[in-house]
Amino acid sequence: MSTKNIGDFGEISVCEYLIKKGYTIIERNFHTAYGEIDIIAEKNNCICFVEVKTRKNNRYGNASEYVDKAKQKKIIASALLYLGENTDAQTRFDVAEVYYYKTEAILTVKRINYIENAFIYEE
């Protein structure tokens, strides 16, 4: 199974998780020259830009630790392009850690750790 397949599995799992929590999924895999935003969701008039990290375990650190400052800058730059002129919109940058296990060719979510306000935009 490719890392792209595993990443897609994680993103789909987080979309399902968010929908159950009352979010509306606006877009997935929003591409810009700066990079990609995995999920753009909305709840209570807040636009949430969600980075998904999918891992088998945390042997090499928590999945969220891989959203370093450089990655955060790319996500923020992409989010600003998405927002366009509407930079006063209420926004939030979240990270979703998806931990899974695999039996034969089937992936199953072990747990999702959803971190609201994982990082902030500072002008």
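Computed from the coordinates by the stated procedures, all read-outs in this text should not be read as laboratory data. All values derive from a computational prediction rather than experimental measurement. Every residue, glycine among them, receives a Cβ derived from its backbone with ideal geometry; neighbour counts consider all protein chains shown.
Phi angles across the stretch 42-47 convert, under the Karplus curve 6.51 cos²θ - 1.76 cosθ + 1.60 with θ = phi - 60°, into 3J(HN,Hα) values of 9, 8, 6, 6, 10, 8 Hz, Gly and Pro given as x.
A Förster distance of 41 Å, applied to the separation of the beta-carbon atoms of residue 122 and residue 1, puts the FRET efficiency at 0.60.
Contact order, relative form, for the chain: 23 percent (alpha carbon pairs under 8 Å, 6 or more residues apart, mean separation divided by residue count). Here the spin labels are modelled as points 7 Å beyond Cα on the Cα-Cβ line, and at residue 71 and residue 8 they lie 2.1 nm apart.
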